[in-house]
Amino acid sequence: MRIDILTLFPGMFTGPLTESILARAQEAKLLDIHFHDLRTFGLGTYHQVDDSPYGGGVGMVMRADVIVPALEAVVQEGEKGKKGQKRKKGKPWRIYFSPRGKKLKQAKVERLAKREWLILLCGHYEGIDQRIIDGGWIDEEVSIGDYVLTGGELPAMVLIDAIARQIPGVLGKEESAAEESFSASLKRKKEYPHYTRPEEFKSLRVPDVLLSGNHSKIQQWRIDSLK
Ligand code: ADE
């Protein structure tokens, strides 16, 4: 999967994308992530990307005449394929992160994980000019929860992490994603609790059934423990 990220703060992604499973997924070419600094599309000497809102009020709004050319350039770059890069044939799915968007759930994560190409637009300040959405340059507005963050970078990282673990080959056998919280196989419920050694810890015991070796009983206990 190719993911293009449009952001004013590409440095924020260091860490989440350069460690552990997500780093491995990129090395294995299962994830192909490209950053685009929105500042480079800014206007004038100061590379302005935002402006004060019409109608007054506090905060700044990201300008359509900056964001739309940036989105179009990124689509074009992906379609053409820069030197040494693979060319994308299908259309990208363009996501904008905002608390006004549809709430992210596991079923949506699974649907998005099937796409070949995502473009993630991370807003800042009070958001983006509504005409970017109304004009059809965004396919989906996504929220990661009913709270307000300083920008779309953390939501983008949350989405990438959740999607990556659905891509075949990203998780090892040990980490496999099949029977886990919110999966269809667990009827979208939350997973059963887990225990490991020691059997007793500060007088707290592992449930007897898990030590019984009786697999059908264990399975029933796990089903009964779903939330
Ligand atoms: N930007 C700011 N807050 C957000 C949220 N809760 N979800 C997605 N994008 C956001």
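Computed from the coordinates by the stated procedures, all read-outs in this text should not be read as laboratory data. As the structure is a computational prediction, the values presented were derived from the model and not from experiment. For neighbour counting, all protein chains shown are included, and Cβ atoms are generated from backbone atoms with ideal geometry for every residue, glycine included.
Given the Cα-Cα distance of His34 and Ala107 and 0.36 nm per residue of separation, how much length would full extension add, in nm? Before the final figure, lay out each step's value.
Details: separation 73, 0.36 × 73 = 26.28 nm, distance 2.52 nm.
Stretched fully, the His34-Ala107 segment lengthens by 23.8 nm.
Which helices count as membrane-span-like in the chain under these terms: full DSSP H, at least 20 Å along the axis by C-alpha, Kyte-Doolittle mean of 0.0 or more?
Numbers: long enough: 64-80 (23 Å, 0.42).
Flagged H segments are 64-80.
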Of 141-154, 35-48, 192-205, 116-129, ordering from highest average Cβ density within 10 Å down gives 116-129, 141-154, 35-48, 192-205
Dipole axis of the chain (+1 Lys, Arg; -1 Asp, Glu on Cβ), positive-most option in Tyr192, Ile132, Val142
Tyr192
At 0.36 nm per residue, minus the direct Cα-Cα distance, what do Glu200 and Ile21 gain on full extension? Give it in nm, one decimal, please.
61.3 nm
Relative contact order of the stretch 64-214, pairs being alpha-carbon contacts under 8 Å that are 6 or more residues apart, as %
22 percent
Quick one: Cα centre-to-centre distance for the stretch 41-93 and the stretch 171-227, in angstrom?
46 Å
Where both partners of a DSSP beta bridge lie in the chain, what percent of those bridges are antiparallel, to the nearest 5?
20 percent
Segment Asp161-Asp208, extension gain: residue separation times 0.36 nm, minus the distance between their alpha carbons
13.4 nm
Using a Förster distance of 22 Å, the FRET efficiency for Glu140-Lys91 (Cβ separation, nearest 0.05)
0.95
Nearest-20 debye value, the stretch 2-164 charge dipole, Cβ charges on Lys, Arg, Asp, Glu:
820 debye
Distance violations [Cα-Cα > 28 Å] among Lys103/Lys190; Lys108/Lys190; Lys82/Lys114; Lys105/Lys202; Lys108/Lys227:
Lys105/Lys202
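Let me have the 222 nm mean residue ellipticity of the chain computed from DSSP H runs of 4+ only, each contributing -39500 (n - 2.57), with the sum over all residues rounded to the nearest 500. Numbers along the way, then the final one.
On the way: 7 runs with 64 residues, N = 227.
It comes out at -8000 deg cm²/dmol, rounded to the nearest 500.
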